[in-house]
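Everything on this sheet refers to the single structure shown next.
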Amino acid sequence: MRIPYYQVNAFTNEPFEGNPAGVCVLDKWIEDGLLQKIAAENNLSETAFFVREGESFRLRWLTPTVEVDLCGHATLATAAVLFIELGYNGDRIRFETKSGSLFAARTEKSIELDFPSWPPEPCTPPKNLADALGRQPREEVASRDYIAIFDSEKEVRELAPDMNALMHLDRDGVIVTARGTDADFVSRYFAPRLGVPEDPVTGSAHCSLIPFWAERLAKTELFARQVSRRGGELFCRLNGNRVSIGGNAKVYKRGELEV
């Protein structure tokens, strides 16, 4: 079986920046075990698989080890493949996913994702969170993931977490964030429990970061940077109980998988 395949760097215009995602174009669903083997073989933080269903697309995302409920950068990558490579005629794509209906719209400057908003709440963090991060945050909150807030972008950039310790936390991921020097806020994201020690740019983390920083900064439109080694840029907006996450995408690889 041959599967059309693309590798797309999301949240960047550059070939070696942003977050690389695999995108597999399927005519029909194949066995789940094979999906997981393909994702493991690709060895990217996520591989997206999609099948057309009428006027929308069924979309799934797998890390090298597990299927996940929501992934921003691989959704952006899939939208870029549809818009740029496959000639999708509309300006708005509807995806049906484990997180409900998601949308991607083509704008003048980017592709804009319409995702749920997950406002974080105060929490009692696990005692080993600060030890795992190697530095004491100023504040901790939680939504899907733990969120550790630091005083400066420099602190966020310098963190070198203990991945083995993060594996033993009771949530899948940890977001670290601070005010940015040339952005409204910066972040990094660690999810070794999902087979992703550090994700280069994480759209789904911004489902929590956008409402958090929108409240703190008293503004609904925000520019964000994820300051991983590869780095990426996100154009963010809070829309009530939804968030808009805009970004660019650069197709890096086109080909086929033979399985």
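Just need a number here: residues in the stretch 124-145 that are farther than 14 Å from Ser204 by Cβ, at pLDDT 95 or above and not basic (Lys, Arg).
The number of residues fulfilling the criteria is 12.
Would you confirm whether or not the stretch 140-150 contains a residue that is more than 12 Å from Arg188 (Cα to Cα), in contact (Cβ under 8 Å) with a residue 24 or more places away in the chain, part of a helix (DSSP H, G or I) and in contact with a Pro (Cβ under 8 Å, 6 or more places away or on another chain)?
no
Pairs, please: C-beta under 8 Å, at least 6 apart or cross-chain, first residue touching a residue at least 40 places away in the same chain (Cβ under 8 Å) and on the phi < 0 side of the Ramachandran plot and in the stretch 159-188, second in a loop (DSSP other than H, G, I, E, B) and of a type in the set (Asp, Glu)?
Going by the 8 Å Cβ cut-off, the qualifying pairs are Val174/Asp145.
Run down Arg171, Arg135, Arg106 and say which single residue is under 30 Å from Gly54 (Cβ atoms), surrounded by fewer than 21 Cβ atoms within 10 Å (Cβ to Cβ) and in contact with an Asp or Glu (Cβ under 9 Å, 6 or more places away or on another chain).
Exactly one of Arg171, Arg135, Arg106 is under 30 Å from Gly54 (Cβ atoms), surrounded by fewer than 21 Cβ atoms within 10 Å (Cβ to Cβ) and in contact with an Asp or Glu (Cβ under 9 Å, 6 or more places away or on another chain), namely Arg106.
Among the residues of the stretch 244-251, is any buried (at least 17 other Cβ atoms within 10 Å of the Cβ), at pLDDT 95 or above and under 15 Å from Trp118 (Cα atoms)?
Within the stretch 244-251, one or more residues are buried (at least 17 other Cβ atoms within 10 Å of the Cβ), at pLDDT 95 or above and under 15 Å from Trp118 (Cα atoms).
Please name all residue pairs, on different chains or six or more residues apart, with Cβ atoms under 6 Å, provided the first residue is in the stretch 1-19 and is in contact (Cβ under 8 Å) with a residue 12 or more places away in the chain and the second residue is surrounded by fewer than 19 Cβ atoms within 10 Å (Cβ to Cβ) and of a type in the set (Ser, Thr, Tyr).
Correct list of pairs: Gln7/Tyr252; Asn9/Tyr252; Pro15/Tyr252.
With the condition kept exactly as written, say whether any residue in the stretch 149-168 is at pLDDT 95 or above and within 26 Å of Asn241 (Cβ to Cβ).
Checked against the condition, which is being at pLDDT 95 or above and within 26 Å of Asn241 (Cβ to Cβ), the stretch 149-168 yields at least one hit.
Restricting the search to the stretch 87-110, which residues are in a loop (DSSP other than H, G, I, E, B) and touching a strand residue (DSSP E or B) at 6+ places or on another chain (Cβ under 8 Å)?
If the condition is that a residue be in a loop (DSSP other than H, G, I, E, B) and touching a strand residue (DSSP E or B) at 6+ places or on another chain (Cβ under 8 Å), then Asp91, Lys98, Ser99, Thr107, Lys109, Ser110 are the ones that fit.
Can you tell me which condition Gly100 does not meet? The list is (1) crowded, with 16+ Cβ neighbours inside 10 Å; (2) within 20 Å of the chain's Cα centre (by Cα); (3) among the small types (Gly, Ala, Ser), and all the others hold.
Checking Gly100 against (1) crowded, with 16+ Cβ neighbours inside 10 Å; (2) within 20 Å of the chain's Cα centre (by Cα); (3) among the small types (Gly, Ala, Ser), the one that fails is (1).
The values are calculated or read from the model by the stated rules, or taken from the named source; none is laboratory data. These numbers come from a predicted model, not from an experiment. Cβ atoms come from the backbone with ideal geometry, glycine included; neighbour counts cover every protein chain shown.
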